[in-house]
Amino acid sequence: MSAHAFLSASSAHRWLHCPIAPSLEAKFPDTLSPYAAEGTLAHKFCELKLRKYAVEPMASSTYTRRLHKLQKETGYQKEMDECSEEYLDRIKSIMLSYPNLPHVVAEQKVDFSKYVPDGFGTADCLILGGDTLNIVDYKHGKGVEVDAKNNPQLRLYALGALERYAILYPLKQVTMTIIQPRINNYSTDSISVAELRDWGTNVVKPAADKAMKGEGEAQPGEWCRFCRARQQCKARADYYKNVGLKAQEAGDPKLLKPSSLSQYLELAKGLKQWIEDLQDYALTSALNGAEIPGWKAVEGRGSRGWTDQEKAFEVLLQHGIPESILYNRVPLTLAQTEKAVGKKEFEEWMQDFIVKNPGKPTLVPDSDKRPAISNVAKAENVFKDMEA
């Protein structure tokens with residue numbers, strides 16, 4: 001097996017919808033982003049704390065030495081300690097839901113090649129006891145909220161875990177949990193073992209066979225977001241070209257009825273992302289010498305900077321400029337203070353000094369967990385208060 005599966009669990013959302021995506025992506029380099037490196041380090045904190053608590057006997061001195069080693073790694077942030085504590089607390093709660101002490105495994109490699117050729121991956125945490133398997137996945141990112149509901153990555157991990165442990169446990173139910181503490185996202189989904197295996201046989205296996213052969217048609221959608229071929233995919237370009245034509249046909253959006261806005265909003269969300277990818281690809285191509293009719297790369301507006309700010313200020317001070325003019329004493333923002341102090345200590349010490357101000361109204365899909373608001377509802381509440 002290769003270090004990275006051709007049809008990985010993390011990209012399953014993509015190849016289940018667009019079976020030729022893996023073949024297209026293979027033509028592009030797989031670059032590691034700084035966010036991925038950050039997430040990898042955060043996972044190490046989660047693994048260490050989970051191992052000490054529930055997986056293997058570990059002396060306090062061993063744990064402290066390993067923890068300090070992680071804290072010295074490049075990219076370490078205090079927030080990683082706090083998020084990994086939240087991860088561990090949530091796992092403790094799941095463990096307590098079992099009538100007897102469950103078996104816990106950290107960073108377990110699972111093989112789901114029964115459904116996906118050469119399919120394998122690594123589950124962050126498996127909890128087994130009685131007839132229930134719990135799969136817990138930690139997400140460190142803040143950019144995209146990940147939902148456990150119908151999550152193909154977790155389902156594939158579950159299929160792999162069943163192949164490994166079903167002989168030891170009479171498993172009938174699988175519960176999958178996403179822990180994404182940096183954006184307070186915690187979601188859970190459950191499925192019976194029978195339903196899961198049926199999904200693996202009738203949905204995953206046919207799609208995986210197509211994807212391995214590079215067959216099928218490109219299917220653009222929100223799953224294109226992390227595809228390495230997204231900038232040059234012609235099917236995606238044609239799709240959004242047609243979206244533009246639909247927008248022209250729609251005319252003035254102010255004349256549309258609210259009931260018909262939904263389809264255009266969904267199209268616009270993907271169109272915005274595609275435009276950004278298109279511009280990025282065009283700029284990179286122009287900088288590499290490609291000719292793009294009607295467009296060119298130019299140097300942006302520049303900015304000035306100090307060669308040596310400390311020495312520059314010494315000269316200004318010698319010329320009688322007061323130090324109070326050259327330096328500002330600026331307090332940290334609330335978020336910066338919380339990050340510097342630590343989340344738990346900040347909540348304990350500062351709760352009497354914090355007020356939650358309402359955010360600016362924003363439009364989100366129905367799946368968002370926040371309650372809906374409207375000016376009509378606000379007005380009704382005002383009248384109720386006046387009557388009271």
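The values are calculated or read from the model by the stated rules, or taken from the named source; none is laboratory data. For clarity, every value in this text was computed on a predicted model and none was experimentally measured. A quick note on method: Cβ atoms are made from the backbone with ideal geometry, for glycine too, and the neighbour counts reach across all protein chains shown.
Across the range 178-215, what is the total count of residues that are closer than 28 Å to residue 36 by Cβ and either outside any helix (DSSP H, G or I) or of a type in the set (S, T, N, Q) (or both)?
Result for the range 178-215: 10.
Picking from 228, 301, which residue would you name as being under 30 Å from residue 114 (Cα atoms), part of a loop (DSSP other than H, G, I, E, B) and either among the charged types (D, E, K, R) or in contact (Cβ under 8 Å) with a residue 24 or more places away in the chain (or both)?
Of the residues listed, the single one that is under 30 Å from residue 114 (Cα atoms), part of a loop (DSSP other than H, G, I, E, B) and either among the charged types (D, E, K, R) or in contact (Cβ under 8 Å) with a residue 24 or more places away in the chain (or both) is 228.
Can you tell me which residue within the range 118-146, out of those that are within 10 Å of the chain's Cα centre (by Cα) and charged (D, E, K, R), is surrounded by the most Cβ atoms within 10 Å (Cβ to Cβ)?
139
Could you tell me whether residue 130 is touching a helix residue (DSSP H, G or I) at 6+ places or on another chain (Cβ under 8 Å) and either at pLDDT below 95 or under 23 Å from residue 41 (Cβ atoms) (or both)? Don't jump to the end; show me each part of the working.
On the way: touching a helix residue (DSSP H, G or I) at 6+ places or on another chain (Cβ under 8 Å): no; either at pLDDT below 95 or under 23 Å from residue 41 (Cβ atoms) (or both): yes.
No; evaluated as a whole, the condition is false for this residue.
Can you find, within the range 167-177, the residue that is surrounded by the most Cβ atoms within 10 Å (Cβ to Cβ) among those that are touching a helix residue (DSSP H, G or I) at 6+ places or on another chain (Cβ under 8 Å) and assigned to a loop (DSSP other than H, G, I, E, B)?
171
Quickly run through the range 162-216 and pick out the residues that are free of Cβ contacts under 8 Å to residues at least 24 places away in the same chain and charged (D, E, K, R).
Answer for the range 162-216, where residues must be free of Cβ contacts under 8 Å to residues at least 24 places away in the same chain and charged (D, E, K, R): 195, 198, 213.
Within the range 353-388, count every residue that is within 22 Å of residue 144 (Cα to Cα), of a type in the set (A, V, I, L, M, F, W, C) and at pLDDT below 80. First the steps, then the outcome.
Let us first name the residues in the range 353-388 that are within 22 Å of residue 144 (Cα to Cα), namely 359-372.
In the following step, the residues that additionally are of a type in the set (A, V, I, L, M, F, W, C) were identified as 363-364, 372.
Add one more test, that the residue is at pLDDT below 80, and what stays is none.
Here the count works out to 0.
Being charged (D, E, K, R) and farther than 25 Å from residue 142 by Cβ is the filter here, so list the residues in the range 163-187 that pass it. Don't jump to the end; show me each part of the working.
Here is the first cut: in the range 163-187, the residues charged (D, E, K, R) are 163-164, 172, 182.
The answer is 163, 164, 172.
For the range 319-336: of the residues being surrounded by 10 or more Cβ atoms within 10 Å (Cβ to Cβ), within 33 Å of the chain's Cα centre (by Cα) and modelled with pLDDT of 90 or more, which is farthest from residue 355 (Cα to Cα)?
332
Kindly check whether there is at least one residue in the range 333-350 that is touching an Asp or Glu at 6+ places or on another chain (Cβ under 9 Å) and either part of a loop (DSSP other than H, G, I, E, B) or closer than 30 Å to residue 233 by Cα (or both).
yes
Just the residues that are at pLDDT below 95 and among the charged types (D, E, K, R), please, taken from the range 53-71.
Residue satisfying the conditions is 56 alone.
Give the residue that is farthest from residue 226 (Cα to Cα), with candidates limited to residues of the range 26-56 that are over 20 Å from the mean Cα position of the chain (by Cα) and touching a residue at least 60 places away in the same chain (Cβ under 8 Å).
Result: 50.
Between a first residue in the range 97-120 that is in contact (Cβ under 8 Å) with a residue 12 or more places away in the chain and a second residue that is β-branched (Val, Ile, Thr) and surrounded by 20 or more Cβ atoms within 10 Å (Cβ to Cβ), which pairs have beta carbons less than 7 Å apart while being 6 or more apart in sequence or on different chains?
102/127; 104/127; 115/204; 116/204; 120/110
In the range 216-225, how many are part of a loop (DSSP other than H, G, I, E, B) and modelled with pLDDT under 90? Steps first, please.
Initially, the range 216-225 is screened for residues part of a loop (DSSP other than H, G, I, E, B), giving 216-221.
Right, trim to modelled with pLDDT under 90 and you get 216-218, 221.
So the answer is 4.
Yes or no: residue 86 within 20 Å of the chain's Cα centre (by Cα) and either among the acidic types (Asp, Glu) or more than 23 Å from residue 223 (Cβ to Cβ) (or both)?
Yes: the conditions hold for residue 86.
Got a number for residues in the range 121-137 being in contact (Cβ under 8 Å) with a residue 60 or more places away in the chain and either of a type in the set (S, T, N, Q) or over 14 Å from residue 163 (Cα atoms) (or both)?
2
Hey, does the range 305-318 have a residue that's of a type in the set (Ser, Thr, Tyr), at pLDDT 85 or above and outside any loop (DSSP other than H, G, I, E, B)?
Among the residues of the range 305-318, not one is of a type in the set (Ser, Thr, Tyr), at pLDDT 85 or above and outside any loop (DSSP other than H, G, I, E, B), which makes the answer no.
If you scan the range 110-160, which residues turn out to be more than 25 Å from residue 225 (Cβ to Cβ), hydroxyl-bearing (Ser, Thr, Tyr) and assigned to a loop (DSSP other than H, G, I, E, B)?
113
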